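Below is one structure, written out as C-alpha cells; the observations come after it.
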There are 2 protein chains.
Amino acid sequence: MIDAVRLADASKRAWCLTQKVTRKRRATLRDVAQAAEVSVATVSRVLNAPATVSPITRERVEGAIDNLRFMRSPAARAINSGRTRAVAALVPTLDHAIFARFLGAMETRLGELGLSLLVATTGGDPDLEERKAWGLVEIGAEGLIVSGVSHSTGLDRLADRHDLPIVATSFFDPDATMPTIGYDNRAVARTALDHLTALGHRRIGVIHGPLEGNDRTQARLDALKASSDRAQLSFHAGDLGVGGGCRATAAALALPDRPTALLCLSDVIALGAMFELQRAGLGIPGDMSVIGIDDLSWSKHSAPGLTSVSLPVSEMGAEAAAALASWIETQERPDHRILSHLLVPRGSTGPPSGV
Amino acid sequence: MIDAVRLADASKRAWCLTQKVTRKRRATLRDVAQAAEVSVATVSRVLNAPATVSPITRERVEGAIDNLRFMRSPAARAINSGRTRAVAALVPTLDHAIFARFLGAMETRLGELGLSLLVATTGGDPDLEERKAWGLVEIGAEGLIVSGVSHSTGLDRLADRHDLPIVATSFFDPDATMPTIGYDNRAVARTALDHLTALGHRRIGVIHGPLEGNDRTQARLDALKASSDRAQLSFHAGDLGVGGGCRATAAALALPDRPTALLCLSDVIALGAMFELQRAGLGIPGDMSVIGIDDLSWSKHSAPGLTSVSLPVSEMGAEAAAALASWIETQERPDHRILSHLLVPRGSTGPPSGV
DNA sequence: AATCGCAATGTAACTAGTTACAAAGAGTCT
DNA sequence: AGACTCTTTGTAACTAGTTACATTGCGATT
C-alpha cells in the first residue's frame, strides 16, 4: 500500500513518462529515503557507516531497503569512488592447463585483495588482444595482465593513454616497456638440456609446438640452438596439444640416426611423445629418455613419472595479481620480477642405452 | 599552454581544493568541451554519433580529445545506459580441463555478443560461491553462470533480490529453480555402462573422484547403482586428478575378484587408471578395458585411444552464454536445455579376456 | 519575401549514488 | 542559565557522462 503510493509519487519524474520504462523500475536510494521518511544521506549512511545512524532510524531504513528490494547501483558507486574493483587478464587460450593454473592462482590472490578478474582469450592474435584489451578497459578494467612478449603497439598506446597499469607475464625481461613477472625461458630450456647431456645423451630430439604467436617457445628454441655444441639436436614441430606431440615424435623416430632422448618443450607435448613411444614399442627410459617442461599435476603419476622442469606458474599468477593491485593502489609501477624454475628428475630420463 | 590555462580554470571546482587530489586528474568530457570551445553535448555526439557533427567541429573536438588524452569513464557510461556489459561465471576450479574448455567457449561466444566475462573460482564451496557471487554482482555483473546443482540458498535470494539472471550448467534438470543448460549425468553414466556390458563385461570397477561438492559425480554414481543388476559393480573413490585415479585403480586391482573393466567417471581419472595398469603390467584392453567420460582433447591420442563419452562442454559454454545474454537483453527467462552426449568407442575397450 | 525543413549546436536536466557542510537537539559542565 | 560538545540528521552540491528539447542559421520552396 505505502509502496504503491511512493511509486505513484515517483512517477512525477520525467523519465517515468517516457517510453524508456520497458523493464520494471528498480528502487533507488531516493525511493528508500522517501519510504523510510529520511534523507538520502541517512540511507547512504546506513549502507556505508551504520554506526553513525541511530538504531531506530537504521531499523526503519533497513526495513525500507528490504521492502523495496533495494540494491545499490554498481555504476553509481564506481563513479564516486573512481574504482571498479576489477582487473582483466588476457591469455592466448584457456585450453592449456598451464594458463588455467595461472589464472586460477591469480583469481585467488585477487579475491584476497578485493578485486575481481575479467578473463579474455586472444588465440595468440595480437590484433584480437588489442581489441579485447580496449573493450575490457572500456567496461572498467583498472589494470591488465597479459601473457608473452610480443604485443601489438596498440597495447602500449592503451597503457599510455589511460596511464593504465599493464603487467606482462610468462617471461622475464628487464628491458621490456611494461613490468614483466615470469621466468627465464632460455634458462628453462638450458636446464632441460643440461639434464639430458649430463646423463650422457648426445643425440637429442627437440619436440615443440607452433611458433607463431608463441614467444615462449621461440625463446626456448633460441637457447637450445645456441647450445647446439653440447649435443646434436634435431627439431620437430607439431601442432598444439598432445596430438602435435605424437606426430612430431613419430617424425623424430623416423630419423635415420634416431635420438636417444626427447626434449619436449611442454609436458603436454611430452605426454604425446610418451604415447607415441608406447605405440612404437619403445621403453622409457630404456630405449628413449623423455623430459618435459611445466611439471603439470599429472606428471608425477605417469608411468614412468615424467622428468620435467617445474615452472612457478601459480606463484607467477599470485605475484602478478599482487603487483598489479599494488600498482593500482599506490600508482607506483612495480619492478620486474624473475621467478625460479626447478628440475624435477623422475623415471622418464636415464642414461642412453649404449652407455 | 592552452591546456595549462584550462586546467587552471578547472581548479575552481571545489574538489580540486581538497586533499582528494592524490593522483593527477583525468580529463573529463567538460574539459574537452572547454578546450574545443563547444558544448558537452557536441563532444558526446562526436563520441556516440559522429555523423551528426559537422566535420570541422568534429575535427576540433577530436583534436582536444587527443591533446587531453581523454577517455570516457566506464562508470559514467554505465550509470546512464544501465548496462555494464559484463557477466560472471562461477566454477569450482580452473585446474580441470573440462571447466577451462567450458569457460573458453563461453568467453568466445560472449565476446561475439559484446559481453565480457568475469571469472571466479569457488573450490566447490557453496558459501564461497555465494560470497563471490555477491561480490561480482556488486561490481556490476549483469548475470551469473554457475556450475552444478547444489548451491547455497543465498544464490536464490540473490537472484530474487536483483531479478538477476542466473543460468546453471553442467546438468539438466527441468525442475530446478533456475534455468539449467547441460547434459543428463545419469544418462551419461548409463551410456558408459551400456558400452561395457554390451561388450560382455560383468565385473566392472567404477573409479571416481571426491563426492563432496560434486553433484555431477553423485548423479553418475546414483545412475550406476540403480543399474547394478546389469553387472557386478565395485566402487573406488580417489582424490581429485590423475593421482586419485591411480590410487583408486590400485585398489580395484587388489580386489580378490578383479574387474574386467574400469568405468572411470572422467578422462582425467581414466588417465590415472591407464598409468596404473601400465605400471601393473596389464594390457589395455586385453587384460582390462578402460572407459572414461569427457572426451578430452588428448583422449584420441593415448595408447591405446581412450574410449570415452563425449560431453558437449564447448556447446554448453556457448549456449549458456547465449541464453544469459538473451535473458539480460529481453528480460525473458530462457528455457532449460538438454545437450546430448555421445559414446566415442576407441581402442581402450574390448570384450573381456575370458569371452 | 515569407515559410518550411533540416542540419548543427547549446542548455539544462537527467542517471544514482557519495559527502561536505549546516543545523538541530540532547546532554554535560561551569 | 548559558555555553559547550556530541550525536544525529538534512540540504545540496558534487562524481561524469547522456539526452530531450530548444535554438540558430542556412538553403530551398512557394
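The values are calculated or read from the model by the stated rules, or taken from the named source; none is laboratory data. Note that the structure is a prediction, hence the values are computed from the model and not measured. When we count neighbours, we look across all protein chains shown, and the Cβ atoms used for this are built from the backbone with ideal geometry, even at glycine. With ligands, DNA and RNA removed, areas are computed over all heavy atoms of the protein, side chains included. Shrake-Rupley method; radii C 1.70, N 1.55, O 1.52, S 1.80 Å.
Scanning segment A:83-91 turns up at least one residue that is farther than 17 Å from B:Gly104 by Cβ, at the interface with another protein chain (Cβ under 9 Å from one of its Cβ atoms) and open to solvent by 50 Å² or more (accessible area, probe 1.4 Å).
Just one of the listed residues (A:Gly238, A:Gly182) is modelled with pLDDT of 95 or more, away from every other protein chain (no Cβ under 14 Å) and within 32 Å of the chain's Cα centre (by Cα), and it is A:Gly182. Looking across B:Phe171, B:Phe99, one residue alone is aromatic (Phe, Trp, Tyr), surrounded by 19 or more Cβ atoms within 10 Å (Cβ to Cβ) and more than 9 Å from every other protein chain (Cβ to nearest Cβ). It is B:Phe171. Does A:Thr108 satisfy the criteria of being among the polar types (S, T, N, Q), outside any loop (DSSP other than H, G, I, E, B), within 10 Å of chain B (Cβ to nearest Cβ) and open to solvent by 10 Å² or more (accessible area, probe 1.4 Å)? Here the answer is yes, as A:Thr108 does meet what is asked.
Residue by residue, here is whether (1) within 14 Å of another protein chain (Cβ to nearest Cβ); (2) surrounded by fewer than 16 Cβ atoms within 10 Å (Cβ to Cβ) holds:
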| residue | (1), (2) |
| --- | --- |
| B:Val206 | no, no |
| B:Glu212 | no, yes |
| B:Ala223 | no, no |
| B:Gly243 | yes, no |
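Going through (1) among the acidic types (Asp, Glu); (2) at pLDDT below 95; (3) surrounded by 20 or more Cβ atoms within 10 Å (Cβ to Cβ) one by one, B:Glu329 falls short only on (3). All of A:Ala133, A:Ala120 fail the test of being more than 9 Å from chain B (Cβ to nearest Cβ) and open to solvent by less than 10 Å² (accessible area, probe 1.4 Å), apart from A:Ala133.
Conditions tested, residue by residue: (1) over 28 Å from A:Thr28 (Cβ atoms); (2) open to solvent by less than 40 Å² (accessible area, probe 1.4 Å).
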site: B:Leu29; (1), (2): no, no
site: B:Glu37; (1), (2): yes, no
site: B:Pro50; (1), (2): yes, no
site: B:Ile56; (1), (2): yes, no
site: B:Arg60; (1), (2): yes, no
site: B:Gly63; (1), (2): yes, yes
site: B:Asp66; (1), (2): yes, no
site: B:Met71; (1), (2): no, yes
site: B:Ile79; (1), (2): no, no
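Restricted to helices (runs of 4 or more DSSP H) entirely inside segment A:39-91, those with at least 1 residues that are near DNA strand D (Cβ under 9 Å from one of its atoms) and of a type in the set (Lys, Arg) are A:40-48, A:55-67. Please find, within segment A:245-290, the residue that is most open to solvent (accessible area, probe 1.4 Å) out of those that are hydroxyl-bearing (Ser, Thr, Tyr) and under 32 Å from the mean Cα position of the chain (by Cα). So, considering only residues that are hydroxyl-bearing (Ser, Thr, Tyr) and under 32 Å from the mean Cα position of the chain (by Cα), the one most open to solvent (accessible area, probe 1.4 Å) is A:Ser266. With the condition kept exactly as written, say whether any residue in segment B:100-119 is within 16 Å of DNA strand D (Cβ to nearest atom) and either small (Gly, Ala, Ser) or over 25 Å from B:Asp156 (Cα atoms) (or both). The answer is yes; a qualifying residue exists.
Close Cβ contacts (under 8 Å, 6 or more residues apart or on different chains) running from residues in segment A:25-49 that are under 10 Å from A:Val61 (Cβ atoms) to residues that are near DNA strand D (Cβ under 8 Å from one of its atoms) and not in a helix (DSSP H, G or I) comprise A:Ala33/A:Ser39; A:Thr42/A:Val53; A:Arg45/A:Val53; A:Val46/A:Val53. Within segment B:27-58, the residues that satisfy the criterion of being small (Gly, Ala, Ser) and near DNA strand C (Cβ under 6 Å from one of its atoms) are B:Ser39, B:Ala41, B:Ser54. Can we say A:Arg85 is near DNA strand C (Cβ under 10 Å from one of its atoms) and charged (D, E, K, R)? Taking the combined requirement at face value, the residue does not satisfy it.
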